[in-house]
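K.L.:
Mind having a look at this structure? Questions to follow.
The values are calculated or read from the model by the stated rules, or taken from the named source; none is laboratory data. Because the structure is predicted, anything quoted here is derived from the model rather than measured. FYI the Cβ positions are ideal-geometry reconstructions off the backbone, even for glycines, and counts take in every protein chain you see.
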Amino acid sequence: MPIFTKKSGTAPMSVPAHIAIIMDGNGRWAKKRGLPRTAGHKVGAEAFRTIANYAKSIGLQYLTVYAFSTENWKRPQEEVSTIMGLLEKYLLELLRDMDKNQVRFRFFGDLSPLSPSLRQEAAELMERSRQYEGVQVNFCLNYGGRDEILRAARAYAACCAAGEAKPEDLTEAEFSNLLWSAGVPDPDLVIRPSGEQRISNFLLWQSAYAEYYFTDTLWPDFGPRDLDLAIEAYNKRSRRFGGV
Ligand code: IPE
Ligand code: IPE
Ligand code: MG
């Protein structure tokens with residue numbers, strides 16, 4: 001575990017390998033300022049940029065961010081299309097600044113309902129950033145934990161039906177390899193800003209033993225200091241994984 005000195009304090013702390021964040025509170029941030037919800041999504045995208053760079057600077061290995069859920073399609077069509085437009089613009093910027101940022105990208109979620117250009121940008125970003133060795137960002141887009149588990153179950157069932165596998169041979173490790181997150185270690189710390197204390201279909205399988213951290217800060221206001229506070233809280237936890 002890398003040790004780092006906090007931006008906001010003095011005591012060095014150890015950084016977990018994998019932090020996951022539910023980037024929530026954009027709409028309320030905007031409403032508080034009398035702005036349209038989409039203004040919150042714009043500032044939220046900036047918050048992501050800052051946190052991804054900070055994560056890299058403190059030696060985090062994996063940062064998984066929840067950007068759009070399988071349930072978020074229920075929102076007014078206008079909000080959904082604005083979010084998609086912002087994502088498209090944002091991915092283009094990430095592609096442009098790729099060499100400067102040196103961040104490796106993966107996408108968790110079914111991208112097939114997204115626009116062809118968005119899918120193309122995501123594929124390009126994943127392919128071209130594969131070479132970087134710093135932090136890996138797993139960007140959850142049209143992601144749902146239940147959907148992910150269901151797809152894995154279907155995939156294994158199909159192998160069984162084809163006579164290529166047997167139900168009783170399936171292990172937890174193999175099942176993990178059928179998820180979007182295949183090859184990525186489980187998150188150590190899951191952070192949810194915005195005051196909500198629920199998981200909203202995020203990393204249901206992977207967060208079995210994650211430490212949770214909730215804060216009232218809204219995502220657009222979430223900065224390096226907030227991440228420090230979450231890591232500080234994590235450092236005080238005692239993880240027992242069912243043992244003593
Ligand atoms: C998170 O912020 C962004 C998405 C879910 C796309 P919200 O838009 O959920 O913001 P609140 O929760 O309404 O404040
Ligand atoms: C979770 O936030 C999804 C993302 C942040 C992408 P929501 O705002 O959709 O969650 P609920 O509806 O408050 O549970
Ligand atoms: Mg929300």
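K.L.:
When the residues of the range 70-89 are filtered to those that are more than 11 Å from ligand 1 (Cβ to nearest atom) and of a type in the set (Ser, Thr, Tyr), which remaining residue is farthest from residue 109 (Cα to Cα)?
P.N.:
My answer is 81.
K.L.:
Please enumerate the residues belonging to the range 227-244 that are surrounded by fewer than 19 Cβ atoms within 10 Å (Cβ to Cβ) and charged (D, E, K, R).
P.N.:
232, 236, 237, 239, 240 - these are the residues of the range 227-244 that are surrounded by fewer than 19 Cβ atoms within 10 Å (Cβ to Cβ) and charged (D, E, K, R).
K.L.:
Looking only at residues in the range 45-71 that are within 20 Å of residue 228 (Cα to Cα) and assigned to a loop (DSSP other than H, G, I, E, B), which one is farthest from ligand 3 (Cβ to nearest atom)?
P.N.:
59
To keep it simple, each residue is scored yes or no on (1) surrounded by fewer than 20 Cβ atoms within 10 Å (Cβ to Cβ); (2) over 25 Å from residue 25 (Cα atoms); (3) touching a residue at least 24 places away in the same chain (Cβ under 8 Å); (4) away from ligand 3 (no atom under 16 Å from the Cβ).
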| position | (1), (2), (3), (4) |
| --- | --- |
| 144 | no, no, yes, no |
| 172 | yes, yes, no, yes |
| 183 | yes, yes, no, yes |
| 195 | yes, no, yes, no |
| 216 | yes, no, no, no |
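K.L.:
Could you tell me whether residue 157 is over 30 Å from residue 97 (Cα atoms) and hydrophobic (A, V, I, L, M, F, W, C)?
P.N.:
Considered against the rule, which asks whether it is over 30 Å from residue 97 (Cα atoms) and hydrophobic (A, V, I, L, M, F, W, C), residue 157 comes out as yes.
K.L.:
Only one of these conditions is not met by residue 166: (1) surrounded by fewer than 14 Cβ atoms within 10 Å (Cβ to Cβ); (2) within 16 Å of ligand 3 (Cβ to nearest atom). Which number is it?
P.N.:
That leaves (2) as the condition not met.
Table: residues versus (1) within 16 Å of ligand 1 (Cβ to nearest atom); (2) small (Gly, Ala, Ser).
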residue: 159; (1), (2): no, no
residue: 176; (1), (2): no, yes
residue: 189; (1), (2): no, no
residue: 201; (1), (2): yes, no
residue: 222; (1), (2): yes, no
residue: 236; (1), (2): no, no
residue: 241; (1), (2): no, no
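K.L.:
Between residues in the range 14-42 that are under 25 Å from residue 187 (Cβ atoms) and part of a strand (DSSP E or B) and residues that are modelled with pLDDT under 95 and within 15 Å of ligand 3 (Cβ to nearest atom), which pairs lie under 9 Å by C-beta distance while being six or more apart or on different chains?
P.N.:
none
K.L.:
Go through the range 45-67 and give me each residue that's surrounded by 22 or more Cβ atoms within 10 Å (Cβ to Cβ), of a type in the set (Gly, Ala, Ser) and more than 8 Å from ligand 1 (Cβ to nearest atom).
P.N.:
Selection gives 47, 55.
K.L.:
Let me ask something else about it. Take the residues in the range 23-36 that are within 10 Å of ligand 3 (Cβ to nearest atom) and not hydrophobic (A, V, I, L, M, F, W, C), then tell me which one is nearest to the chain's Cα centre (by Cα).
P.N.:
Among those residues, the one meeting the criterion is 24.
K.L.:
What are the pairs with Cβ atoms under 7 angstrom where one residue, in the range 218-235, is touching a residue at least 12 places away in the same chain (Cβ under 8 Å) and the other, located anywhere, is assigned to a loop (DSSP other than H, G, I, E, B) and surrounded by fewer than 16 Cβ atoms within 10 Å (Cβ to Cβ)? Sequence gap at least six, or different chains.
P.N.:
224/7; 225/7; 225/8; 228/7; 228/8; 228/9
K.L.:
Listed residues 42, 74; which is within 16 Å of ligand 3 (Cβ to nearest atom) and buried (at least 16 other Cβ atoms within 10 Å of the Cβ)?
P.N.:
42
K.L.:
Does the range 51-65 contain at least one residue that is modelled with pLDDT of 95 or more, of a type in the set (Phe, Trp, Tyr) and either within 18 Å of residue 213 (Cα to Cα) or away from ligand 2 (no atom under 16 Å from the Cβ) (or both)?
P.N.:
Checking the range 51-65: at least one residue is modelled with pLDDT of 95 or more, of a type in the set (Phe, Trp, Tyr) and either within 18 Å of residue 213 (Cα to Cα) or away from ligand 2 (no atom under 16 Å from the Cβ) (or both).
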